[in-house]
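Written below as structure tokens is the structure these notes are about.
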Amino acid sequence: MLDFIRKHKGKVSHVLVYTLDRFSRTGGAAIKLAEELREKYGVTVYAVTSVEFQ
């Protein structure tokens, strides 16, 4: 998925995950990766089990 996003910059705007803790093996890495995707590629990560969905 990450390779696809990097190779197709601007084609993906959102990534849906079940929960953020399943997005990465460590919580800190998930936050860092989500920030990188947003800042470099314009991709927003949404956790579908989150109480607040933007």
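Computed from the coordinates by the stated procedures, all read-outs in this text should not be read as laboratory data. Just so we're clear, the structure is a prediction, and the values are computed from it rather than from any experiment. Methodologically, a virtual Cβ is constructed for each residue, glycine included, from the backbone with ideal geometry; neighbour enumeration extends over all protein chains shown.
The trypsin sites (Lys or Arg not before Pro) of the range 1-49 meeting both criteria, a DSSP state outside H, G, I, E and B (loop) and at most 11 other C-beta atoms within 10 angstrom of the site's C-beta, are Lys9, Lys11, Arg25. Length gained on full extension, Arg6 to Thr44: 12.3 nm, using 0.36 nm per residue less the C-alpha separation.
For the chain, the residue among Ala47, Leu33, Gly10 whose Cα projects farthest onto the positive side of the dipole built from Cβ charges is Gly10. Across the chain, the volume of the C-alpha convex hull divided among the residues equals 76 Å³ per residue.
Between 0 and 90 degrees, the angle of helix 27-41 with respect to the longest Cα principal axis of the chain falls at about 30 degrees.
DSSP loop chymotrypsin sites (Phe, Trp or Tyr not before Pro) in the chain with at most 14 other Cβ atoms within 10 Å of their Cβ, which ones?
Filter output for the chain: Tyr18, Phe53.
The label-point distance for Ile31 and Tyr18, in a model that sets each label 7 Å from Cα toward Cβ, rounds to 2.3 nm. Taking amide H as placed 1.01 Å from N in the peptide plane, the amide H of Val43 sits under 5 Å from that of Arg38, each at least 5 places away or on another chain.
Taking Cα centre as origin and charging only the Cβ of basic (Lys, Arg, +1) and acidic (Asp, Glu, -1) residues, the dipole magnitude of the chain rounds to 280 debye.
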